[in-house]
Amino acid sequence: MTHEFEVDEEITLDATPEQVWQAIATGPGIDSWFMGRNEIEPREGGRSSLSLLGHTSESTVTAWEPGRRLAYRGDTGPDGTFMAFEYLIEARDGGGTVLRLVHNGLLGDDWEDQYRALSVGDGMYLRKLAVHLRHFTGRTSAWNLFLPGPAMPDPAPVWAAFTEVFGLTGPAVAGSTGRIGLDRAEPADAVVEFAHEPDFLGVRTADSLYMLVHGYRDTVVVERHAFATSAEGAEAGAKAEAVATEAWTGWLNGLAGQGS
């Protein structure tokens with residue numbers, strides 16, 4: 001049995017409508033703040049895809065109005081479920097842009113858990129988009145991590161691990177500072193950009209945007225978008241990605257040990 005749902009979110013962004021459009025309507029732009037690898041055919045009726053963890057989901061673009069409106073609808077699954085997204089862009093007087101996201105469709109049997117995750121997660125991803133546009137404008141990520149880990153029903157040790165890995169000594173609130181050394185050769189200064197205890201922690205360094213998630217079905221997820229400098233080549237990027245993947249996989253395995 002399917003269940004209708006809708007999530008309606010709005011955020012003000014420190015960017016022009018054109019910059020927002022590039023971030024939400026191009027594959028490299030979406031990759032730089034969302035999840036997985038994304039491709040989009042730039043026209044109404046075009047096809048878009050999201051590839052994540054060995055699975056590709058496809059959608060049809062239902063509205064393509066550059067700088068104003070983008071909408072797409074996912075293909076209907078065998079159980080009748082689907083998701084649709086609509087982005088509405090409006091320039092603000094005096095600068096900046098208001099972005100509204102309407103996310104709706106039909107969810108499946110575990111719709112309550114899915115809706116709970118979406119109702120919080122959609123807003124957190126928009127906040128991640130805001131960090132990308134504020135601090136990495138005009139840049140796209142060289143590589144990304146999306147690493148799911150263990151299911152941890154107790155949120156307390158998860159949140160403690162989130163704050164510890166970034167060296168936060170006080171409450172995890174926007175503006176708090178720390179250091180991250182787990183996934184890189186040299187530790188880097190880190191700043192909390194947003195926090196929604198005990199589910200989401202968004203952190204920025206000079207070269208990366210991180211989000212740690214305790215989300216759907218209590219699963220812990222690590223996300224990182226790495227923005228390379230012009231001096232870094234593909235080989236160095238691949239090595240950095242491998243080092244980061246190994247480090248965060250070990251960290252997630254350590255969490256799993258705590259939860260067993």
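A few notes on this one:
- For the stretch 188-221, backbone nitrogen atoms closer than 14 Å to the point 7 Å from VAL173 Cα along Cα-to-C-beta are found at 192-197.
- Remark: the Cα gyration tensor places the stretch 191-260 in the oblate category, a/c being 1.5 or greater and a/b not exceeding b/c.
- Evaluating 6.51 cos²θ - 1.76 cosθ + 1.60 at θ = phi - 60° for every residue in the stretch 192-208, the Karplus couplings come out as 6, 9, 7, 8, 9, 5, x, 9, 9, 9, x, 9, 10, 10, 5, 10, 8 Hz, glycine and proline recorded as x.
- Prolate/oblate/rounded call for the stretch 143-259, Cα gyration tensor, a/c under 1.5 rounded: oblate
- Top positive-direction residue, dipole computed over the stretch 3-135 with Cβ charges, set HIS135, ALA91, ALA23: HIS135
- Cα shape, the stretch 3-135, gyration tensor, a/c 1.5 rule: prolate
- Residue order, fewest to most beta carbons within 10 Å, for SER57, SER48: SER57, SER48
- As a ratio to 2.2 N^0.38 Å, the alpha-carbon radius of gyration for the chain is 1.00.
- Under the span-like rule (Cα at least 20 Å along the axis, Kyte-Doolittle mean at least -0.5), DSSP H helices of the chain: 234-259
- Efficiency of FRET from Cβ geometry, SER51 and ALA156, R₀ 45 Å, rounded to 0.05: 0.85
- Exposed-loop-free span, longest in the chain, where GluC sites (Glu not before Pro) count as exposed if DSSP calls them loop and at most 15 other C-beta atoms lie within 10 Å: 45-231
Every number in this text was worked out from the coordinates using simple rules, so none of it is lab data. Since the structure is predicted, the reported quantities are computational estimates derived from the model, not experimental observations. Note that we place each Cβ from the backbone using ideal geometry, even for glycine, and neighbour counts take in every protein chain shown.
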